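Structure, as structure tokens:
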């Protein structure tokens, strides 16, 4: 019999593990509830404290919303030091029953102040004004409708092209399936015909006109193989004994009996009756002589062609030998060698492939930009009226020097972005903002850059402040107060500008200075020139002049 404390075996005893666990869980639950109650009480106390502070601040004249919305504190201070109104009013409490009214601020005034000074509300208000301006402007609405119509047309054209492509693909697949099916049928029919020809070949040899007639008495004493459905016999001496048994029986359906005659010969079908007649000995001899004559003629033609080709090769070699000894023959090659030996890496740069020069100068409340008019392929001239300066606003111009294809591409992309900017903002772009736009466009293509060096010149649309700058291939800007240059003759232009430019020049002096500097610089460069175009931008007008230069 087992011993031990019998009380521990009772379910109600406090020392059992089950009861100890139950008590521990109840204590943990009670502690959690106490902590929760304390946190709630603390939150209520903090909330009451905040309410008291807010009420105290409102009574003192400071409102939290006004502080957060950025109202000036001077007004609050002046309001505090103003003398209170004397006389019966609700604030002084002299009106009958005013002591029972709660002292709350005027909610309508506070709401109006919040609406008036809320920055988000101001932004939304400006957006609504812009929308109203766009909707009330028929020109902008027409542009927007045109853009939407173009987008819809492009989308419809794209869908139509996809549909036509699918239809064409479906037709091609259908034709391909038909062709495959036809090929399979033709291959199967061709194989059947080949099998039939193979089966017919033994009897065709038998019925050949060059063989002797097949009769019952062809061979005496031989055991004939009787053909089913015929009264005649075929001799086994015409074919080997092993072939006579295996070849004759399958080809019997291809032949028919010409009738039950006494001779009992096996005749071919109607299709085989038109076989060739046997040629006579004279005809064979004549054909043989013709073939021999044709062979001799072809052999003679081949020998003549070989002799002619050899003669042509010898003449070509002789001309090459004469060209080598001619003193005027290799002058182009020598010129190429001299050019490659004397030219630098800069001369062979892609930036100087088409040539060009652009310059901008700053004066007193005015700017000027000039460019040459030549377009060529290295030393070869193509045209003398190539545009390198493009208007980007009423008082904003950009000059592009570099590869001609990139000049046209960048000008079109900038015009597109400028139109989007004006349509969205509803105002003219500033020169500095336009510089950032050009810099972003060039930096986007930094790993495959546009081979151009832009020059920007213009006046601020509001302040009319002059602005000039230049950028490199990846869009790094350089803003100056005197002049900027770009192109193949940059060194010559720098020298002329350093010696001629002066600060605060009037428009006429600025035009004379930039014209002399540009003309003297392009005259010293082989891939630029052929005239100069100058734009002088002033506050109230823009003057454009074309200058003549050396045309060689």
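The values are calculated or read from the model by the stated rules, or taken from the named source; none is laboratory data. On a predicted model such as this, the values are computed, not experimentally measured, just so you know. Backbone-built Cβ (ideal geometry, glycine too); neighbour counts: all protein chains shown.
Data for the structure
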{"read-out": "Single match in 430, 415 (criterion: at pLDDT 90 or above and within 21 Å of the chain's Cα centre (by Cα))", "value": "415"}
{"read-out": "Meets criteria (exposed (fewer than 10 other Cβ atoms within 10 Å of the Cβ) and modelled with pLDDT under 75) for residue 90", "value": "no"}
{"read-out": "Residues of the stretch 464-479 satisfying the condition of being within 21 Å of residue 539 (Cβ to Cβ), in contact with a strand residue (DSSP E or B) (Cβ under 8 Å, 6 or more places away or on another chain) and in contact (Cβ under 8 Å) with a residue 12 or more places away in the chain", "value": "466, 467, 468, 469, 479"}
{"read-out": "Yes/no for residue 527 being more than 19 Å from residue 460 (Cβ to Cβ), in the same structural domain as residue 357 (by TED's automatic domain parsing) and touching a helix residue (DSSP H, G or I) at 6+ places or on another chain (Cβ under 7 Å)", "value": "yes"}
{"read-out": "Count of the stretch 437-468 residues which are within 17 Å of the chain's Cα centre (by Cα) and either surrounded by fewer than 18 Cβ atoms within 10 Å (Cβ to Cβ) or modelled with pLDDT under 90 (or both)", "value": "7"}
{"read-out": "Residues satisfying the stated conditions in the stretch 378-398, i.e. within 15 Å of residue 543 (Cβ to Cβ) and not in a strand (DSSP E or B)", "value": "394, 395"}
{"read-out": "Those residues of the stretch 512-552 which are in a strand (DSSP E or B) and buried (at least 19 other Cβ atoms within 10 Å of the Cβ), in sequence order", "value": "532, 533, 534, 535, 536, 537"}
{"read-out": "Residue identified as at pLDDT 90 or above and either in the same structural domain as residue 472 (by TED's automatic domain parsing) or loosely packed, with under 10 Cβ neighbours inside 10 Å (or both) among 332, 389, 377", "value": "389"}
{"read-out": "Options 341, 360, 368; residue that is touching a helix residue (DSSP H, G or I) at 6+ places or on another chain (Cβ under 7 Å) and either at pLDDT 65 or above or not in a loop (DSSP other than H, G, I, E, B) (or both)", "value": "368"}
{"read-out": "Where residue 503 falls short, out of the listed (1) touching a strand residue (DSSP E or B) at 6+ places or on another chain (Cβ under 9 Å); (2) surrounded by 14 or more Cβ atoms within 10 Å (Cβ to Cβ); (3) in a loop (DSSP other than H, G, I, E, B)", "value": "(2)"}
